[in-house]
1. Can you name every residue in region 36-57 that is surrounded by 12 or more Cβ atoms within 10 Å (Cβ to Cβ) and either over 21 Å from Ala286 (Cβ atoms) or assigned by TED's automatic domain parsing to the domain that holds Phe222 (or both)?
2. All but one of (1) crowded, with 16+ Cβ neighbours inside 10 Å; (2) in contact (Cβ under 8 Å) with a residue 40 or more places away in the chain hold for Ala188; state the number of the condition that does not hold.
3. Does Gly46 satisfy the criteria of being in a loop (DSSP other than H, G, I, E, B) and farther than 25 Å from Pro4 by Cβ?
4. Might you check whether a residue that is under 26 Å from Gln322 (Cβ atoms) and either outside the structural domain of Ala81 (by TED's automatic domain parsing) or free of Cβ contacts under 8 Å to residues at least 24 places away in the same chain (or both) occurs anywhere in region 127-147?
5. Could you tell me which of the residues Phe74, Phe57, Phe89 is closer than 20 Å to His218 by Cβ and in contact with a Lys or Arg (Cβ under 6 Å, 6 or more places away or on another chain)?
6. Which members of region 57-76 meet the condition of being charged (D, E, K, R) and without any contact (Cβ under 8 Å) to a residue 60 or more places away in the chain?
7. Kindly provide the set of residues from region 287-311 that are surrounded by fewer than 13 Cβ atoms within 10 Å (Cβ to Cβ), closer than 22 Å to Val179 by Cα and not hydroxyl-bearing (Ser, Thr, Tyr), ordered by number.
Amino acid sequence: MNTPSPTPYADLSPDRVLDAVESIGLPTDGHLLALNSYENRVYQVGLDEAEPVIAKFYRPGRWSDAAILEEHVFSQDLADAEIPAVPPFATQGRTLHEHRGYRFSLSPRRGGRTPELEDASVLEWLGRLLGRIHAIGALTPFVHRPTLDIPSFGTEPRDFLRAGGWVPKDLLPAYTSVVDQALEGVAACFARAGDYTAIRLHGDCHRGNLLWTDAGPHFVDFDDARTGPAVQDLWMLLSGERPEQTRQLADVLAGYEDFCDFDHRELHLIEALRTLRQIHYAAWLARRWEDPAFPAAFPWFNTQHYWQDHILALREQIAAMQEGPLWSA
């Protein structure tokens, strides 16, 4: 496979986006609105005499066709079970299309607002929804999508950052020491958790991928769907100091366990998964830095201050991983 271009969207012009949608038989009205997305490119596209659609153009070289289609099948499985997910719809018998070298899908437009994650009733409702999602996710495995594990989210990103010269030279010894300690802590947390059941996950359950309406929540953007422990889809709903997170977790699990059993040993993984996300996130920004959208959106990345803060955050995670789990039955 050829190395993907660091600027893969350089020629994805507005006209090309509209041409792509029209290439599968949907006449557009010329209206186009770019939506917040960095890994992919996502647009609201107006149609003649029909509701606008959401067009998602997948980053070239990131996923295989088979992996993208697994995401589509998973979100459709959820919708078929009357779970409020937003799968792409089929046009000309397909959900994945190609135009001028770009793969794309179309989904219905779904609005909503950011949920109030400080509200116990909201957290319990989200827990019920995630329990239903995981009950479906556990039925069949992913074959083509990756697993969230220490090598892919920890070891490999660490090695990429060190080998690529991203860490300032004067901070490299401190970074090397602290990231190695952090990964030892991660491994210890996984050992304490023991064998867990890996299932299909949303994978990126932060509040930006949740939309709330008067009818309740729905999930968008299953682009990071992968195999992993159920708690991966729970911990990003938590925030604040340890007592606040303990209360929030109890609220989430109160709803979750109405629909799906939860292995409480996975609570040992919360801080480990948070640590892996921090390491992986730094490497993700570095890998995408030549994409013009990234310096514009993340101007603070790769500064001396950023790496100092990153090292401090990893030190804090080392301490957090040495504490007991937030809550247990």
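1. Result: Val42, Tyr43, Gln44, Val45, Gly46, Leu47, Pro52, Val53, Ile54, Ala55, Lys56, Phe57.
2. It fails just one condition, (1).
3. Details: in a loop (DSSP other than H, G, I, E, B): no; farther than 25 Å from Pro4 by Cβ: yes.
Answer is no for this residue.
4. Yes, region 127-147 has at least one match.
5. Values: Phe57 fails: closer than 20 Å to His218 by Cβ; Phe89 fails: in contact with a Lys or Arg (Cβ under 6 Å, 6 or more places away or on another chain).
After applying the criteria, what remains is Phe74.
6. Filtering region 57-76 down to residues charged (D, E, K, R) leaves 59, 62, 65, 70-71.
Selection gives Arg59, Arg62, Asp65.
7. Passing the criteria: Trp300, Gln304, His305, Asp309.
Quick grid of which residues meet (1) farther than 23 Å from Ala187 by Cα; (2) more than 21 Å from the chain's Cα centre (by Cα); (3) assigned to a helix (DSSP H, G or I):
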site	(1), (2), (3)
Val231	no, no, yes
Glu266	no, no, yes
Leu276	no, no, yes
Gln308	yes, yes, yes
Ile311	no, yes, yes
Glu316	no, yes, yes
Pro325	no, yes, no
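The values are calculated or read from the model by the stated rules, or taken from the named source; none is laboratory data. Quick caveat: nothing in here was measured; it's all calculated off a predicted structure. Neighbour counts are summed over all protein chains in view; Cβ atoms, including those assigned to glycine, are modelled from backbone coordinates with ideal geometry.
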